[in-house]
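Chemist: Quick one: the structure is below, questions incoming.
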Amino acid sequence: MLATIAAILFGLALLLELLGENIQNLITTRTLTLAGLLFLALHVAGYGSRGRR
């Protein structure tokens, strides 16, 4: 689940970078990339998994 969110954020960051756009100067491609890395790190750490091991 968290990896899916990270992939969506990376895709949105790429799209904004290609279009050269920002959203209200608050959400930039750097912000989306860092948020994607956070979700990816949480996924790798094991958070958000469906079952317990």
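The values are calculated or read from the model by the stated rules, or taken from the named source; none is laboratory data. Everything numeric in this text was worked out from a predicted model, so none of it was measured. All Cβ positions, even for glycine, are placed from backbone atoms using ideal geometry, and neighbour counts span all protein chains on display. Accessible surface areas use protein heavy atoms only, side chains included; no ligands, DNA or RNA. Shrake-Rupley method; radii C 1.70, N 1.55, O 1.52, S 1.80 Å.
Here is a yes/no grid of residues against (1) touching a residue at least 40 places away in the same chain (Cβ under 8 Å); (2) not small (G, A, S):
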position	(1), (2)
L15	no, yes
E21	no, yes
N25	no, yes
L37	no, yes
A41	no, no
G48	yes, no
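Chemist: May I pose another question? Tell me which residues, restricted to the range 15-31, are closer than 21 Å to H43 by Cα and open to solvent by 100 Å² or more (accessible area, probe 1.4 Å).
Modeler: Listed by number, the list holds a single entry, R30.
Chemist: Do we find that T4 is modelled with pLDDT of 85 or more, among the polar types (S, T, N, Q) and surrounded by 15 or more Cβ atoms within 10 Å (Cβ to Cβ) in this structure?
Modeler: No, not satisfied.
Chemist: Quick check on my filter: what residues within the range 6-34 are of a type in the set (G, A, S) and part of a helix (DSSP H, G or I)?
Modeler: Residues satisfying the conditions are A6, A7, G11, A13.
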